[in-house]
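The values are calculated or read from the model by the stated rules, or taken from the named source; none is laboratory data. The structure presented is a predicted model; accordingly, all values stated were derived computationally and were not measured. Ideal geometry is used to build each Cβ from the backbone, glycine not excepted, and the neighbour counts take in all protein chains shown.
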Ligand code: TRP
Ligand code: ZN
């Protein structure tokens, strides 16, 4: 099976910030003693080696309650824009209530929030002051927060959310579409539409409530709790609105949160073991999507058989128009597809629900634990359904005859899966294809029975948690005592260049 390669990255951010980032992980940058309490400022990053500003130190979010009211931008863009008239009508007016636990005494703490306007900010019901600098929203509560205490931050904000271009050149954050908008967050897009601790290491539960003009739909993660439409004259400005309340009961990383607003054909079914399936498809993509999406319950069953119990309380998909985003994404419960998906991509994004969404990387360096697994799931699906065996796929990659052109085949060896060369390359083929090759090498070493014990056991051991590459190698070694994985780790996982033996 041959396929085309992903986008070639265009930007190369430096890793010079690495040492700085590591220093920041200590979480303490200053000390002050309001009222005799020894409290510090939470750091402006959690020390991610690739995204040093992502996340914040000093607290741990347990729940996000997001209340979003969206009004489509009806400004005629063909008219000469006159920004001197003042700000545009906000397309998004929102309140985020963030419940968190202070992991240290805090005089100030940061939230990640890029763009939009902050209108008010309260901590535990009292006005707090704030300053903004780039993606950092620094909050100073009226009194210091005590270590171990739970505190609630309420941010009211409005404006038109930004589209963020990530280091590999792809667009994320808030993406306007022909009939609405789309929020996608990997790796740093969530900070464009809600303030938070925007790093995969801090997962939380969510309530996401979206109010849209009547006639539009709003789809998000988790389960739809209610859908209520106001009568004429009741809504803001007398325009009838519909409010969709989504609830996410299992922990979710910020990058997996999504909102899709527009017109969708909604299909609600259940799998054979009773799991709710909620599928939203742009009517323009309905015909082209029908056959593949009809296979979703069967893919879920196959994945549960191979990967173990499904970690969430609903599944589904969101299909928007081709071009609404430049990639598919494993948004929790409900993966997103730009245009009708093919079966391999559906298998890939659903496999991420186990590997990525439930077992989430500790930092963006551990991306291969997401993409290597999801890619290997595609190989296994093909093998089980009359396509190439995983061995054949592995061999084609090793020979350099897998992709349509040589540059893509060579790119597989550009860097080790466990050490992407920079933030611009975390979604390159060493992370995907070579990551999958590592899993295949493990399978060849331990045999099929033990291999499936390992992939299922890994999903169970870190269910709803975070893990890194060292956790994974230790787990594999524990599960296969007496086997030697030294060469696989050294040459395939951490080694530069193409390993000498397939
Ligand atoms: N995770 C997506 C997938 O493979 C791809 C992707 C979208 C991605 N945006 C990204 C990967 C940003 C890394 C960074 O299904
Ligand atoms: Zn993926």
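Does the range 278-291 include one or more residues that are closer than 20 Å to residue 348 by Cα, free of Cβ contacts under 8 Å to residues at least 40 places away in the same chain and surrounded by fewer than 18 Cβ atoms within 10 Å (Cβ to Cβ)? Yes; the residues of the range 278-291 include at least one that is closer than 20 Å to residue 348 by Cα, free of Cβ contacts under 8 Å to residues at least 40 places away in the same chain and surrounded by fewer than 18 Cβ atoms within 10 Å (Cβ to Cβ). The residue pairs whose first member lies in the range 425-441 and is closer than 9 Å to residue 376 by Cα, whose second member is away from ligand 2 (no atom under 12 Å from the Cβ) and at pLDDT 95 or above, and whose beta carbons are closer than 6 Å, counting only pairs six or more residues apart or on different chains, are 433/397; 433/412; 435/417; 437/394; 440/390; 440/394. Of all residues in the range 387-396, which are within 28 Å of residue 421 (Cβ to Cβ) and either surrounded by fewer than 24 Cβ atoms within 10 Å (Cβ to Cβ) or within 11 Å of ligand 2 (Cβ to nearest atom) (or both)? Result: 390, 394, 395, 396.
Among the residues of the range 370-386, is any under 26 Å from residue 208 (Cβ atoms), under 14 Å from the mean Cα position of the chain (by Cα) and away from ligand 2 (no atom under 13 Å from the Cβ)? Looking through the range 370-386, none of the residues is under 26 Å from residue 208 (Cβ atoms), under 14 Å from the mean Cα position of the chain (by Cα) and away from ligand 2 (no atom under 13 Å from the Cβ). Please tell me if residue 405 is in the same structural domain as residue 487 (by TED's automatic domain parsing), more than 14 Å from ligand 2 (Cβ to nearest atom) and modelled with pLDDT of 95 or more. Here the answer is yes, as residue 405 does meet what is asked.
Quick one: which strands (runs of 3 or more DSSP E) lie wholly within the range 177-247 and hold at least 3 residues that are under 22 Å from residue 97 (Cβ atoms)? Steps first, please.
Details: elements: 180-184, 204-213, 217-220, 223-229.
Counting at least 3 such residues, we get 204-213, 217-220, 223-229.
Right, residue 312: away from ligand 1 (no atom under 16 Å from the Cβ), closer than 30 Å to residue 56 by Cβ and in contact with a strand residue (DSSP E or B) (Cβ under 6 Å, 6 or more places away or on another chain) or not? Yes.
Pairing residues of the range 194-212 that are not assigned by TED's automatic domain parsing to the domain that holds residue 42 with residues that are at pLDDT 95 or above, at Cβ distances under 6 Å and at least 6 apart in sequence or on separate chains, gives no pairs at all. Of the residues making up the range 326-360, those that are in contact with a strand residue (DSSP E or B) (Cβ under 6 Å, 6 or more places away or on another chain), assigned to a loop (DSSP other than H, G, I, E, B) and within 8 Å of ligand 1 (Cβ to nearest atom) are 328, 335.
For residues that are in a helix (DSSP H, G or I) and within 16 Å of ligand 2 (Cβ to nearest atom), scanning just the range 288-325, find the one that is farthest from residue 177 (Cα to Cα). Explain how you work it out, then say what you get.
Taking the range 288-325 first, the residues in a helix (DSSP H, G or I) are 288-294, 296-307.
If we keep only those that are within 16 Å of ligand 2 (Cβ to nearest atom) as well, we get 299, 303, 307.
On the way: 299: 29, 303: 32, 307: 35 Å.
Here the answer is 307.
Screening residue 387 on (1) more than 16 Å from ligand 1 (Cβ to nearest atom); (2) touching a residue at least 60 places away in the same chain (Cβ under 8 Å); (3) assigned to a helix (DSSP H, G or I) shows it passes everything except condition (3).
Would you confirm whether any residue within the range 223-238 is surrounded by 19 or more Cβ atoms within 10 Å (Cβ to Cβ) and either more than 20 Å from residue 179 (Cβ to Cβ) or out of contact with any helix residue (DSSP H, G or I) (no Cβ under 9 Å at 6 or more places or on another chain) (or both)? It would help to see each step written out before you state the result.
Restricting attention to the range 223-238, the residues satisfying the condition of being surrounded by 19 or more Cβ atoms within 10 Å (Cβ to Cβ) are none.
Checking the range 223-238: not a single residue is surrounded by 19 or more Cβ atoms within 10 Å (Cβ to Cβ) and either more than 20 Å from residue 179 (Cβ to Cβ) or out of contact with any helix residue (DSSP H, G or I) (no Cβ under 9 Å at 6 or more places or on another chain) (or both).
Say we look at the range 130-155 and pick out the residues that are surrounded by 16 or more Cβ atoms within 10 Å (Cβ to Cβ) and under 24 Å from the mean Cα position of the chain (by Cα); which of these is nearest to residue 40 (Cα to Cα)? Selected residue: 138.
Is the range 427-450 home to any residue that is within 16 Å of ligand 1 (Cβ to nearest atom), outside any helix (DSSP H, G or I) and within 20 Å of the chain's Cα centre (by Cα)? Yes, the range 427-450 contains a residue that is within 16 Å of ligand 1 (Cβ to nearest atom), outside any helix (DSSP H, G or I) and within 20 Å of the chain's Cα centre (by Cα).
Go through the range 329-345 and give me each residue that's under 27 Å from residue 424 (Cβ atoms) and surrounded by 20 or more Cβ atoms within 10 Å (Cβ to Cβ).
The initial filter retains those residues of the range 329-345 that are under 27 Å from residue 424 (Cβ atoms), namely 329-332, 335-339, 341-342, 344-345.
Those that are under 27 Å from residue 424 (Cβ atoms) and surrounded by 20 or more Cβ atoms within 10 Å (Cβ to Cβ): 329, 330, 331, 332, 335, 336, 337, 338, 341.
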